[in-house]
Amino acid sequence: MRKSIVSFVLLASVAYGLDGAPNVPLRGYTAEHSTTEIAWEQKFRALPDPERVREDMQRLSARPHHVGSPYDKDNAEWLLAQLKSYGLDAKIEVFDTLFPTPKSRKLELLGAAKFVASLEEPAIAIDPTSDQKKEQLPTYNAYSIDGDVTAPVVYVNYGAPADYEQLDAMGVSVKGTIVIARYGQTWRGIKPKLAAEHGAVGCIIYSDPRDDGYFEGTPYPEGPMRPPEGVQRGSVMDMPTYPGDPQTPGIGAVPGARLIPLAEVQTITKIPVLPISYEDAKPFLQALGGQVAPEAWRGGLPFAYKTGPSTAKAHLAVAFNWDRKPLYDVIARIAGSAFPDQWVIRGNHHDAWVNGASDPLSGTSAELEEARGLGELLRQGWRPQRTIIYCFWDGEEPGLLGSTEWAETHASELSKYAVAYFNSDGNGRGYLNAEGSHTLENFVDSVSRDIEDPETKMSVWNRERLVGISRAAPEARSELRARTDLHMSALGSGSDYTVFIDHLGVSSVNLGFGGEDQGGGQYHSVYDDFYWYTHFSDTGFVYGRALAETAGTMMMRMADADVIPYQFGDLADTIHTYVGEVKKLADTMRAQTRERNTEIADGVYKALDDPKKTKVAPPVEALAPYFNFAPLDQAADDLSAASAEYDKAFTAHAASGSSAVNIKIIQAERALLDPGGLPSRPWFQNMIYAPGLYTGYGVKTLPAVREAIEQKQWKEVDAQIVRTAAAVDREASLLKDAAHTLEAGQ
Ligand SMILES: [Zn+2]
């Protein structure tokens, strides 16, 4: 689901002077076991075949396959047959979830310049699947509420919190209007949420050519970028509150599950929403009066962008079939030989908005090739020590439905048995992008040393490291060069790892290649298909093979280790960094408010603003109080000490192959959960990581503390510091206990 965003998260550095040389023996392995493991991994990496990745994608993308469609079920059954043919024990688990589809959609501009939006993506002759009209879902935003509204239009840029502050300063209100927002910057579901909170009655979201159309490159089909009538479908479910089936929060949507009534669901939008192309958006933008929009708000269309409101009114009417539809999760299992109750889990979704070659099948096909490789190793005599589970999720696009319902259904087993979850989604050409739990930072570093970049032939680790250093600020480079391992960014939301890391506390990593293909313009449209992918992305499917090699090696190395190779020094360091950030956030906000209050008192706004333009000075505000960060400082220090003790004991004793400690450290990520959850969203229980309530995809670290400060809920802050510190303390205690287990040599 998540649009690929180029970000350099693997900022690695010279460690051992060799390009990608693995640290041997492998962490968590005896010397002898390390040698046999490396041999099996090398055998595995020779197996994934780009030609098969290509054929799998072609088969799976042949017809539209959204939730509830005939080809969605057909694909699930085909995936099941493939996995069985590889010798894996596979089955389909079925869930029933709410999945609205359009009954009627209408958008028109009233008045003298009357215009009716087409709301259609035309077929393109050269693209053989773009004309499958009967099976294509119309362009819409899933989980928009039904509505029929007529109102003037106001342009809100990306519809992010800062955009509303700007509108306030310009004296423009969206109350009673239909806002038009452009796609980008924030996750799309934030746009109608904020619009409704500011009093708007409807929301239109369009794709500006500045962001993924002709401003960025040649439009489809000559190039990869979005054509004039291309539309981005997508979910607007309030996933930062909880993802998954809106009617069964926190429990699996198995047949017969108790449903909360539709009228009580919190995650459906409060106002109607509709996505449109820029061709359809033009008349609405041109009808806007009022002030010229700030420079950063102007897109790539050839006219002046104004804030509005428009004199002419827009009429937006949408109605949906609020049906429950079946989901088909395909699940394959390889039983562990030594530790069957320790599970290593892999997942990628198989459903799409339309044909979905890039999103998700570029990842799905690689995952399938990976499963075939492991099946082949089983035939050759390899047996993983831990249980391996391969998941092909349904219903990711509407709201992470298949992964959430599966994990909620199996929550009590996962809480006991889950060791790690490795996710991927769409895949492209370029650099390895890995984000996730810092307990796995060292592990991801070690595997990425062993993967060859298919085009440059250097290790993906070294490529990432060199690119990261060259793009860093000059003053930051020496530190990056001196680092002994790569640094991994935290996970927000936007794909199927969410339930694992945020709800159940399973250490998770999201993996994908990208950054060199000029994608984005096909995203969630009928043009994300086999023709597009084989002309503009990983056309040789060599990065599909690289993803299979990377994720498959991670699965093997995690499943085969004698002691689970978590590393806690990285976690402790990272938590120290986050504590520093939230303190600085409070200081910065206090200083900014103080400065602004002084300016208001001095009359600066009156002096600066053009008296003939509407400008509204901000109100005088109370300063942020001083908070007591001591419990967090103490807990972070205690965690550093405990992690040093554990990592020392690990180095001294893990190589003896003692496995008793596994049963303790398997709970390491779970210790970071608070069963009470985050304020106003109890489903999110991880006190270190969460998607932002007002960013959607973007991560908020130490979320309970950070968001209380950002939202100026001053009375909450100290209490949330205490709760977050308690989670860090639990982690420290667990590590001390585990270190003693290692030292006892059990
Ligand atoms: Zn996806």
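The values are calculated or read from the model by the stated rules, or taken from the named source; none is laboratory data. Just so you know, these numbers come straight off a predicted model, no measurement behind them. Cβ atoms come from the backbone with ideal geometry, glycine included; neighbour counts cover every protein chain shown. Note: areas computed on protein heavy atoms with side chains; ligands, DNA, RNA excluded. Shrake-Rupley method; radii C 1.70, N 1.55, O 1.52, S 1.80 Å.
Below, the figures for the structure above:
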{"quantity": "Subset of LYS306/LYS700; LYS282/LYS615; LYS73/LYS133 violating a 21 Å alpha-carbon distance limit", "calculated": "LYS306/LYS700; LYS282/LYS615"}
{"quantity": "Principal axis box of segment 144-192, alpha-carbon based, largest edge first, Å", "calculated": "30, 24, 12"}
{"quantity": "Extension reserve of the LEU110-HIS315 stretch, reckoned as 0.36 nm per residue once the Cα distance is removed", "calculated": "73.1 nm"}
{"quantity": "Selection of chymotrypsin sites (Phe, Trp or Tyr not before Pro), segment 614-655, meeting DSSP coil and at most 13 other Cβ within 10 Å", "calculated": "TYR626"}
{"quantity": "Residues whose placed amide H lies under 5 Å from that of GLU669, excluding near-sequence neighbours", "calculated": "SER507"}
{"quantity": "Value of [θ]222 nm, deg cm²/dmol, for the chain, DSSP H segments ≥ 4, -39500 (n - 2.57) each, nearest 500", "calculated": "-11000 deg cm²/dmol"}
{"quantity": "Stretch gain in nm, segment GLN58-VAL620, where the contour uses 0.36 nm per residue and the Cα spacing is subtracted", "calculated": "196.3 nm"}
{"quantity": "Beta bridge orientation in segment 142-209: antiparallel %, DSSP, nearest 5", "calculated": "10"}
{"quantity": "Along principal axes, Cα extents of the chain, largest first, whole Å", "calculated": "80, 63, 54"}
{"quantity": "Point-charge dipole on Cβ atoms (K/R +1, D/E -1) for segment 514-594, about Cα centre, debye to 20", "calculated": "560"}
{"quantity": "For segment 56-68, Karplus couplings with θ = phi - 60° (6.51, -1.76, 1.60), whole Hz, Gly/Pro x", "calculated": "4, 4, 4, 5, 5, 9, 5, 9, x, 9, 6, 3, x"}
{"quantity": "Heavy-atom SASA rank of GLU37, GLU32 (probe 1.4 Å, accessible area, largest first)", "calculated": "GLU32, GLU37"}
{"quantity": "FRET efficiency for ALA630 and ALA744, using Cβ-Cβ distance with R0 set to 51 Å, rounded to 0.05", "calculated": "0.90"}
{"quantity": "Residues with amide H under 5 Å from that of THR101, placed H, sequence gap 5 or more", "calculated": "ASN321, ASP323"}
{"quantity": "For segment 547-621, alpha-carbon Rg and Dmax in angstrom", "calculated": "25.8, 74"}
{"quantity": "Per residue solvent-accessible surface (Å²) - segment 154-195, probe of 1.4 Å", "calculated": "27"}
{"quantity": "Pairwise FRET efficiency - THR484 versus ALA335, Cβ, R0 = 41 Å, nearest 0.05", "calculated": "0.65"}
{"quantity": "Charged-residue dipole, Cβ positions (Lys, Arg, Asp, Glu), segment 460-612 about Cα centre, Debye nearest 20", "calculated": "460"}
{"quantity": "Separation in nanometres of the label points that stand 7 Å from Cα toward Cβ, at GLU376 and LYS133", "calculated": "4.4"}
{"quantity": "Relative contact order computed over the chain (Cα-Cα under 8 Å; 6+ residues apart), in percent", "calculated": "20"}
{"quantity": "With Cα atoms, 0 to 90° folded angle of helix 70-85 axis to the chain main axis", "calculated": "10"}
{"quantity": "Listed residues TYR214, TYR605, TYR543, TYR158 arranged by accessible area, highest first, probe 1.4 Å", "calculated": "TYR214, TYR605, TYR158, TYR543"}
{"quantity": "Cβ-based charge dipole, the chain, positive-most Cα from TYR155, PRO360, VAL330", "calculated": "TYR155"}
{"quantity": "Tail beyond 15 Å, pair distance distribution of segment 578-643 (Cα, percent)", "calculated": "65"}
{"quantity": "Modelled FRET efficiency - R0 41 Å, ASP737 with ARG258, Cβ distances, 0.05 increments", "calculated": "0.60"}
{"quantity": "TRP297 accessible area, assembled protein chains, probe 1.4 Å, Å²", "calculated": "10"}
{"quantity": "Accessible-area composition of segment 256-398, carbon plus sulfur, in percent [1.4 Å probe]", "calculated": "51"}
{"quantity": "5 angstrom amide H check on TRP343, placed H, neighbours 5+ away", "calculated": "ALA418, VAL419"}
{"quantity": "Cα-centre dipole for the chain with unit charges at Cβ (Lys and Arg positive, Asp and Glu negative), debye to 20", "calculated": "1320"}
{"quantity": "Extension reserve of the ARG594-GLU295 stretch, reckoned as 0.36 nm per residue once the Cα distance is removed", "calculated": "104.9 nm"}
{"quantity": "Rounded D (µm²/s) - segment 649-746, Kirkwood Rh over Cα pairs, Stokes-Einstein at 37 °C, 0.692 mPa s", "calculated": "220"}
{"quantity": "Share antiparallel - DSSP beta bridges, the chain, percent rounded to 5", "calculated": "60"}
{"quantity": "Unit charges at the beta carbon, dipole of segment 257-333: most positive-side option, ILE271, GLY300, ALA314", "calculated": "ILE271"}
{"quantity": "Estimated vicinal HN-Hα couplings, Hz - segment 124-139 in sequence order (Karplus 6.51, -1.76, 1.60; Gly, Pro = x)", "calculated": "10, 3, 6, 9, x, 9, 6, 9, 7, 4, 5, 9, 6, 5, x, 6"}
{"quantity": "Relative intensity, log₁₀ I(q)/I(0), of segment 164-261 from a Debye sum that treats every alpha carbon as a point, q = 0.20, 0.22, 0.23, 0.25 Å⁻¹", "calculated": "-1.01, -1.09, -1.13, -1.22"}
{"quantity": "Per-residue ³J(HN,Hα) for segment 243-255, Karplus 6.51 cos²θ - 1.76 cosθ + 1.60, θ = phi - 60°, Hz, x for Gly and Pro", "calculated": "x, x, 4, x, 8, 9, x, x, 10, x, 8, 6, x"}
{"quantity": "Positive-pole candidate from GLY189, MET554, SER495, dipole of the chain, charges at beta carbon", "calculated": "GLY189"}
{"quantity": "Where GluC sites (Glu not before Pro) fall in DSSP loop in segment 180-223, at most 11 other Cβ within 10 Å", "calculated": "GLU222"}
{"quantity": "Ranking by accessible area, most exposed first, for LYS282, LYS613 with a 1.4 Å probe", "calculated": "LYS613, LYS282"}
{"quantity": "Rounded to 10°, Cα long-axis angle of helix 569-602 versus longest principal axis of the chain", "calculated": "20"}
{"quantity": "Proximal lysines relative to LYS664, as straight alpha-carbon distance under 16 Å, when same-chain residues fewer than 8 apart are discounted", "calculated": "LYS416, LYS736"}
